[in-house]
Amino acid sequence: MADERLIVRAAPGPAGPAVVDGVDEERIRLLVERFYGAARRDDLLGPVFAAAVPDERWPQHLETIRAFWSSALLRTGGYGGRPLPAHLGLPGLEDAHFLRWLALFQEAARQTFGPEAASAVVERAERMANSFRLAIRMQRGESTAWLGPISAPEAGPPRAGDA
């Protein structure tokens, strides 16, 4: 049985407009589908996802991830889980994995949202990636004294067809 004192839940936000203009449940669903579709096909990230989430569990996992991003971006409070422990148990996660994750996430965000919303969504992802990197290194007993933040690659101008 989980110790409820250790579970942090996002406080539900007010019903109404998005925290960031242009971010809503439908676009979050599309972001999750685009990003995780690309990540599962990726040469670096695909094997990590394949080992962690069997194919038959993907529909349920995508719904959990959608609820996570809804809570993170809209403060809906629909996600009550703890994502860090699952990631701490993944062997071999290195900066290359996080950098690739951010690059693919940024690409999906730019395809899904307008420039301002995409930037805000990617900024949130960068904070999460850096938090997870720090926690993983600390759990491994590695020094974090010189660990600087990573970020998504510099985005060029929006491409034709981008939202």
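The values are calculated or read from the model by the stated rules, or taken from the named source; none is laboratory data. If you're wondering where the values come from, they're calculated on a predicted model, not measured in any experiment. So basically every Cβ, Gly included, is an ideal-geometry build from the backbone, and we count neighbours across all protein chains shown.
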So how many residues does the range 115-155 have that are farther than 15 Å from L102 by Cα, part of a loop (DSSP other than H, G, I, E, B) and small (G, A, S)?
4
Report, by residue number, each residue of the range 84-135 that is within 11 Å of the chain's Cα centre (by Cα) and charged (D, E, K, R).
E123, R124, E126, R127
Checking S143, S151, S131 in turn, the sole residue that is in contact with an Asp or Glu (Cβ under 6 Å, 6 or more places away or on another chain), at pLDDT 85 or above, of a type in the set (G, A, S) and over 22 Å from R29 (Cα atoms) turns out to be S151
